[in-house]
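Notes follow the structure.
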Amino acid sequence: MRGNDPNDLVPPNEDFEDLYENAPCGYLSMLPNGRIFKVNRTYLAWTGYSHDEIIGRPLRDFLPVAGKMFYETHFAPLLRIQGFYNEVALDIVTARGSRIPMLANALQRMDGSGQLLFTRLTLFPAADRRRFERGLVDAQAASNDKIKTLEADSELREQFVAVLGHDLRNPLASISGGIRMLERDAAGKDEQVLKLMQGSVTRMSALIDDVMDFARSRLGGGIGVELKPTDVLEAVLEQVVAELRTAEPDWVLTVSVGRLGTVICDAARIGQMVSNLLGNALVHGSKTQPVRLLASTKGGALEIEVVNAGEAIPSDQLERLFKPFIRGESSGAREGLGLGLFIASEIAKAHGATLVATSTPEETRFKFSMRVDPVGG
């Protein structure tokens, strides 16, 4: 083993001249007037210039027009003020006229009195880094464009819902009011026609409600619910059944609603869900068998079930039953847009509950199940 002489650690072919000429970076040295007086072989090889084409010329001669202006107005003053700069992005024009993106580091060398002797400049190719930076800028621009698009879409959604809620409802309200006025003096056939018209208005109003809920669910943040303790859920379900019995007097609805107590929910939305489920059962169920509504709280859960007889729902339809605009074959008067079950499912989700459907040749059953936490205890 050799001794601890530092020279023992230097390879025999390594010297400072070789280190300068063949360094893995470009070296330039500039006089106080900015003219280059020394350049290494690495820089010459990268740019394609000869030694004589570089020496005696200022650095700005090898910059594009925009680079000349930027260098003179930004980087040269920075060098004069602080005596150095680091990682300045420069495009160097090669002997063939192409450009090489580079990063430059500069350091001024002073004498003992503080006078500038020369400036050393190192340059590193930065094509990959510049591409990465441009990619980041492009990605940021794309992100900003996407944000603007989302904001525009959000405004369009609000306008769309406003049209549904205002511009379509108001004409229906006027028609309904006119029908009620005419009913006061109507008799016989005229009275029957007005009842049909009023039924059409009611049906159109329900369709608008469905479309509004669909728009809020798909275009906004989901169907809104107001969760609060309520002890009127039983009365809400009874009201839903009474309305359907009036609208569909030929159908038999059987109801078994236990004592539900106080439940944290949106009672109006639960009523809407049950109305949609019962309406679906009346459309697709057997006309010779009753439609059943069951509701109870047991095992810490509120359970509401709607059951009807009739043909079993095929398995492929059962899988997509709660998707929007899915309609089974029916000629019933209550056939709508195919949004009822989708909205019922969204109401269940908004309550943190589940709504599942099962179907056999004997019955089709929709079961809503929601955890019930004690209220006030």
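Quick notes on this structure:
- Just one of the numbered conditions (1) at pLDDT below 85; (2) in contact with a strand residue (DSSP E or B) (Cβ under 6 Å, 6 or more places away or on another chain) is not true of residue 357: (1).
- The selection criterion, being touching a Phe, Trp or Tyr at 6+ places or on another chain (Cβ under 8 Å), of a type in the set (Phe, Trp, Tyr) and at pLDDT 90 or above, does not hold for residue 85.
- Residue in the stretch 149-157 that is part of a helix (DSSP H, G or I), within 30 Å of residue 24 (Cα to Cα), open to solvent by less than 100 Å² (accessible area, probe 1.4 Å) and at pLDDT below 75 present: no
- Some residue of the stretch 53-64 being closer than 18 Å to residue 21 by Cα and in contact (Cβ under 8 Å) with a residue 40 or more places away in the chain: yes
- Considering residues of the stretch 32-48 that are out of contact with any helix residue (DSSP H, G or I) (no Cβ under 7 Å at 6 or more places or on another chain) and in a helix (DSSP H, G or I) only, the residue surrounded by the fewest Cβ atoms within 10 Å (Cβ to Cβ): 45
- Any hit, the stretch 54-64, residues being β-branched (Val, Ile, Thr), outside any helix (DSSP H, G or I) and either under 14 Å from residue 120 (Cα atoms) or modelled with pLDDT of 85 or more (or both): yes
- Yes/no for residue 81 being in contact with a helix residue (DSSP H, G or I) (Cβ under 9 Å, 6 or more places away or on another chain) and farther than 14 Å from residue 121 by Cβ: no
- Residues that are at pLDDT 75 or above and within 22 Å of residue 338 (Cα to Cα) are absent from the stretch 183-197 altogether.
- For residue 264, the conditions (1) farther than 19 Å from residue 202 by Cβ; (2) touching a helix residue (DSSP H, G or I) at 6+ places or on another chain (Cβ under 7 Å); (3) not aromatic (Phe, Trp, Tyr) are fulfilled apart from (2).
- Residues in the stretch 81-115 that are open to solvent by 50 Å² or more (accessible area, probe 1.4 Å), assigned to a strand (DSSP E or B) and more than 18 Å from residue 69 (Cβ to Cβ): 6 in all.
The values are calculated or read from the model by the stated rules, or taken from the named source; none is laboratory data. These figures come from a predicted structure and were not determined experimentally. When we count neighbours, we look across all protein chains shown, and the Cβ atoms used for this are built from the backbone with ideal geometry, even at glycine. The protein model used for the area step is the full one, side chains on, heavy atoms only, and it has no ligands, DNA or RNA in it. Shrake-Rupley method; radii C 1.70, N 1.55, O 1.52, S 1.80 Å.
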